[in-house]
Amino acid sequence: MAEITLTKDNFEQEVLKASLPVVVDFWATWCGPCQMLGPVLEEVANENEGKFIVGKVNVDDQVELAMQYKVASIPTLLVFENGEVTKKTMGFMPKDRLLDFINN
């Protein structure tokens, strides 16, 4: 499954009510580490279809969501399970560390 673009309008349905865990990437187009993480996250999403969902929140377009989840620096990754944040990390990470973060 491709990554989902998340907005305040679809966040509840796509993340909070999701039946699978959701990895949410808070990012921006001008952010270098975000641009580095993007392709890694996309690869992980494609290789793990059916295990978890990956969604992306552009913090410039979705300021309310970034504020609601207290995103102070980007990239920030939050993992949601059953509508609750269960994990949080910031910054770029290579694929193996990203998978460890999501799965453990």
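Can you go through Gly50, Gly32 and tell me which one is at pLDDT 95 or above and among the small types (Gly, Ala, Ser)?
Among Gly50, Gly32, only Gly32 is at pLDDT 95 or above and among the small types (Gly, Ala, Ser).
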Being on the phi < 0 side of the Ramachandran plot, at pLDDT below 95, charged (D, E, K, R) and exposed (fewer than 14 other Cβ atoms within 10 Å of the Cβ) is the requirement here; does Glu12 meet it? no
Six or more apart or on different chains, Cβ under 8 Å: which pairs go from a residue in region 20-33 that's in contact (Cβ under 8 Å) with a residue 60 or more places away in the chain and within 12 Å of Val79 (Cβ to Cβ) to one that's in a strand (DSSP E or B) and of a type in the set (Ser, Thr, Tyr)? Could you list them? Pro21/Thr86
Working only within region 37-65, note down all residues that are buried (at least 20 other Cβ atoms within 10 Å of the Cβ) and of a type in the set (Gly, Ala, Ser). Ala45, Gly55
Please determine, by comparing only the residues of region 26-36 that are touching a helix residue (DSSP H, G or I) at 6+ places or on another chain (Cβ under 9 Å) and of a type in the set (Phe, Trp, Tyr), which one is surrounded by the most Cβ atoms within 10 Å (Cβ to Cβ). Phe26
Residues of region 16-64 that turn out to be under 17 Å from Asn104 (Cα atoms), within 13 Å of the chain's Cα centre (by Cα) and not aromatic (Phe, Trp, Tyr), as a count: 9
Filter result for Val71 (under 23 Å from Pro94 (Cβ atoms), surrounded by 19 or more Cβ atoms within 10 Å (Cβ to Cβ) and either touching a helix residue (DSSP H, G or I) at 6+ places or on another chain (Cβ under 8 Å) or of a type outside the set (D, E, K, R) (or both)): yes
Search result, residues across region 66-88 that are within 20 Å of Leu41 (Cβ to Cβ) and of a type in the set (S, T, N, Q): Ser73, Thr76, Thr86
Give the residues of region 80-104 that are touching a Phe, Trp or Tyr at 6+ places or on another chain (Cβ under 8 Å) and surrounded by 12 or more Cβ atoms within 10 Å (Cβ to Cβ), sorted by residue number. Val85, Lys87, Thr89, Met93, Ile102
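The values are calculated or read from the model by the stated rules, or taken from the named source; none is laboratory data. Only a predicted model underlies this, so the values are computations on that prediction, with no experimental measurement involved. Ideal geometry is used to build each Cβ from the backbone, glycine not excepted, and the neighbour counts take in all protein chains shown.
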